[in-house]
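Asker: Here you go, one structure.
The values are calculated or read from the model by the stated rules, or taken from the named source; none is laboratory data. Computed from a predicted structure; not experimentally measured. In this analysis, Cβ positions are derived from the backbone assuming ideal geometry, glycine residues included, and neighbour counts consider all displayed protein chains. Side chains are part of the model used for accessible areas, which takes the heavy atoms of the whole protein and leaves out ligands, DNA and RNA. Shrake-Rupley method; radii C 1.70, N 1.55, O 1.52, S 1.80 Å.
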Amino acid sequence: MSLPQEIIRKKRDREALGAEEIGTLVQGIVDGSLVDAQAGAFAMAVVLNGMNRAETAALTRAMAGSGRRLTWPDLPGPAVDKHSSGGIGDKVSLVLAPMLAAAGCFVPMVSGRGLGHTGGTLDKLESFRGYDTRPGLDRFARVVREVGCAIVGQTDDLAPADRRLYAIRDVTATVESEPLIVASILAKKLAVGTAGLLMDVKVGNGAFMTDLATARGLATAIAEVAAAAGLPTRSLLTDMNECLGRTAGNALEVGEAVAFLKGDARDPRLAEVTLALGAELLVLVDLAPDKKAARVVLEGCLDSGAAADRFARMVRALGGSGDPLHPSALAHARAPVQLPVPSPAAGHVREIRTRELGLAVIGLGGGRTRPDQAIDPAVGLSGVLGTGRKVDRGEPLALVHARDEAAGEAAVARIAEAYRIGDAPPALRPVVVESSP
Ligand code: URA
């Protein structure tokens, strides 16, 4: 067996590593025999010199096997998951997981917290008092079996090598590496026994991938590594040049997701992304013969109230108090100050600098500037207008929800700056940009 420093040297010198060498490093990350400096040096060598698909697949498999693994041999339906690369107002997981559960899937979903300017599903769900995002693997598995879906965070025994390596990457400027990102995402999916994965790769000025070529690169890398690791995967590239839906901010997004599930209000772009992703997944795992039939199934799950019921059961099973479908469940998370953002002119919304909307939410306290920071679930934006919308001068472009007037006014100024209003309507972009081959 090679010494860790010899394996790191090989990667430093741009050589490809074998599966056994990668396994040695991953084992050292888990048992602590690899010190932080060595794990950081390995990550930096990968950032600088990359990994081929076989190496990335070996890293994925080794990290997936570094802790406990869930298997679902006796479930009456497939275990599936969807993963988003992150955006503004992206509440798709909140609505799609219960829709898939109602359609006969089982969804063991391991989600993340807000990263950079984007929101995180765990932060959103913690808007419900009592919701336990770290229930332990056994309770997680029980909720998946009983309800059909559970959205939680990474537990200590789930891909622990990824957990430690990610923490080291976070403080060594080694997050931005395609093979490390791909292995990190897929290791967790494999560890929870996912049998079919749908990737929602966001592209646009509110996403991490701002151009199509980079987004396609990530989608292709994930599909190829997932295939090599034995996980059937499809990807959709979806537009993130504007907020998805009408809200951004934790409890506000949960409120929109609940309204969507109950049929009270369904933003068309949010509905399109959700149905497109769900349809791909149902076809991937053979629960529907084609995407048209899959959409009919998913729409039926919404219209019958079955998806809303699964959502409520999931929140209650994970400790959420009250009736998750009733506004009283989020009554504690209402911001005291609400300020409209008046449009500076009449015309059409031509462009939105979407990243600024996410930064405005963070500025209000709805996201973090330090990893250990508590967030304010109540703050954010509602009534967010999208591109192409005709507006009158003074009409609200969004409503800011703030803890105090000063924070609210700063957000109003930032959002007004982020919108470009012009006379002519812009060419409208489809929300589903393309699907992976
Ligand atoms: N999300 C993950 O789970 N891992 C990464 O490396 C980046 C985003």
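Asker: Work through the residues other than Gly263 whose Cβ is under 14 Å from its Cβ and net out their charges, Lys, Arg +1 and Asp, Glu -1.
Answerer: Details: positive: Lys262, Arg266; negative: Glu256, Asp264, Asp267, Glu299, Asp303, Asp309.
That works out to -4.
Asker: Now, a different point. Output the 0 to 90 degree angle, nearest 10, between the alpha-carbon long axis of helix 53-64 and the longest principal axis computed from the alpha carbons of the chain.
Answerer: The angle comes out at about 80 degrees.
Asker: For the range 92-164, what does the alpha-carbon gyration tensor say about shape, rounded, prolate or oblate, given a ≥ b ≥ c as the root eigenvalues, a/c under 1.5 as rounded, and a/b over b/c as prolate?
Answerer: Numbers: a/c = 1.65, a/b = 1.18, b/c = 1.40.
Verdict is oblate for the range 92-164.
Asker: Over the alpha carbons of the range 80-328, what is the largest minus smallest coordinate on each principal axis, giving the biggest first in Å?
Answerer: Taking the Cα atoms of the range 80-328, the three principal extents are 44, 37, 32 Å.
Asker: Accessible area per residue of the chain at 1.4 Å probe, in Å²? Let's see the in-between values first.
Answerer: Working: 17120 Å² over 437 residues.
Value returned for the chain: 39 Å² of accessible area per residue.
Asker: Moving on. Assuming a strict under-14 Å limit between Cα atoms, what lysine pair count do you get for the chain once near-sequence pairs (fewer than 8 apart, same chain) are dropped?
Answerer: Details: Lys82/Lys91; Lys82/Lys188; Lys82/Lys189; Lys82/Lys202; Lys91/Lys124; Lys91/Lys202.
Total qualifying Lys-Lys pairs in the chain comes to 6.
Asker: Here's a follow-up. Report, to the nearest whole %, how much of the accessible area of the chain belongs to carbon and sulfur atoms, 1.4 Å probe, protein only. Write out the running numbers ahead of the final one.
Answerer: Values: 9120 of 17120 Å².
Here carbon and sulfur together make up 53 percent of the probe-accessible area.
Asker: Using Cα centres only, tell me the gap between the range 248-284 and the range 345-380 in whole Å.
Answerer: Value for the Cα centre distance between the two parts: 20 Å.
Asker: Using only the Cα atoms, work out Rg/Rh for the range 34-193, with Rh taken as the Kirkwood radius, to two decimals.
Answerer: On the way: Rg = 16.1 Å, Rh = 16.5 Å.
Looking at the range 34-193, the ratio lands at 0.98.
Asker: Provide His83, His332 ordered by accessible surface of protein heavy atoms (probe 1.4 Å), highest first.
Answerer: On the way: His83 40, His332 65 Å².
These residues rank, largest area first, as His332, His83.
Asker: Something else about it: So which residue, out of Ala402, Ala374, Ala312, gets the largest mean-square fluctuation from a GNM of the chain using Cα contacts under 10 Å as springs?
Answerer: Ala374
Asker: Then there's this: Give me D for the range 210-352 in µm² s⁻¹, whole number, from Stokes-Einstein with Rh from the Kirkwood sum over alpha-carbon pairs, 4 °C and 1.567 mPa s. Walk me through the numbers before you get to the answer.
Answerer: Numbers: Rh = 18.2 Å.
Answer from the Stokes-Einstein relation: 71 µm²/s.
Asker: Could I ask something else about it? Return the ratio Rg/(2.2 N^0.38 Å) for the range 353-437, where Rg is computed over Cα atoms only. Don't jump to the answer; show the numbers that get you there.
Answerer: On the way: Rg = 15.3 Å, N = 85, 2.2 N^0.38 = 11.9 Å.
Here the Cα radius of gyration is 1.29 times the empirical estimate.
Asker: Projected onto the charge dipole of the range 333-422 (+1 at Lys/Arg Cβ, -1 at Asp/Glu Cβ, origin at the Cα centre), which of Val400, Ala418, Thr369 gives the Cα projection farthest towards the positive end?
Answerer: Of the candidates, Ala418 comes out farthest on the positive side.
Asker: Could you work out the equivalent-ellipsoid semi-axes for the range 177-275, taking the square root of 5 times each eigenvalue of the Cα gyration tensor, largest first, in whole Å?
Answerer: Working: eigenvalues 148, 59, 27 Å².
Values for the range 177-275, descending: 27, 17, 12 Å.
Asker: Between helix 137-147 and the chain, what is the angle of the helix's C-alpha long axis to the longest principal axis, kept within 0 to 90° and rounded to the nearest 10?
Answerer: Helix 137-147 sits at roughly 50 degrees to that axis.
Asker: With N residues in the chain, what two-decimal value do you get for its Cα radius of gyration over 2.2 N^0.38 Å? Write out the running numbers ahead of the final one.
Answerer: Values: Rg = 21.6 Å, N = 437, 2.2 N^0.38 = 22.2 Å.
Rounded to two decimals, the normalised Rg is 0.97.
Asker: Using a/c under 1.5 as the rounded threshold, could you call the range 42-97 rounded, prolate or oblate? The axes a ≥ b ≥ c are square roots of the C-alpha gyration tensor eigenvalues, and prolate needs a/b larger than b/c, oblate otherwise.
Answerer: Working: a/c = 3.06, a/b = 1.33, b/c = 2.30.
Oblate, since a/c reaches 1.5 and b/c is not below a/b.
Asker: How much mean residue ellipticity at 222 nm does the chain get from its helices, if each DSSP H run of length 4 or more adds -39500 (n - 2.57) and you divide by all residues, to the nearest 500 deg cm²/dmol?
Answerer: Numbers: 16 runs with 194 residues, N = 437.
My calculation for the chain gives -14000 deg cm²/dmol from helical runs alone.
Asker: Taking the mean number of other Cβ atoms within 10 Å as a proxy for protection, how do you rank 194-204, 262-272, 21-31 from highest to lowest?
Answerer: On the way: 194-204: 25.1, 262-272: 16.2, 21-31: 20.8.
Highest mean packing first, the order is 194-204, 21-31, 262-272.
Asker: At q = 0.14, 0.18, 0.24, 0.31 Å⁻¹, what is the base-10 log of I(q)/I(0) for the range 4-50 according to the Debye formula with one equal point scatterer per Cα and no solvent? Please give it to two decimals.
Answerer: -0.27, -0.45, -0.81, -1.25
Asker: Rounded, prolate or oblate: which one fits the range 285-402, using the alpha carbon gyration tensor with axes a ≥ b ≥ c (rounded when a/c is under 1.5, else prolate when a/b beats b/c, else oblate)?
Answerer: Numbers: a/c = 2.09, a/b = 1.29, b/c = 1.61.
Since a/c reaches 1.5 but b/c is at least a/b, the shape of the range 285-402 is classed as oblate.
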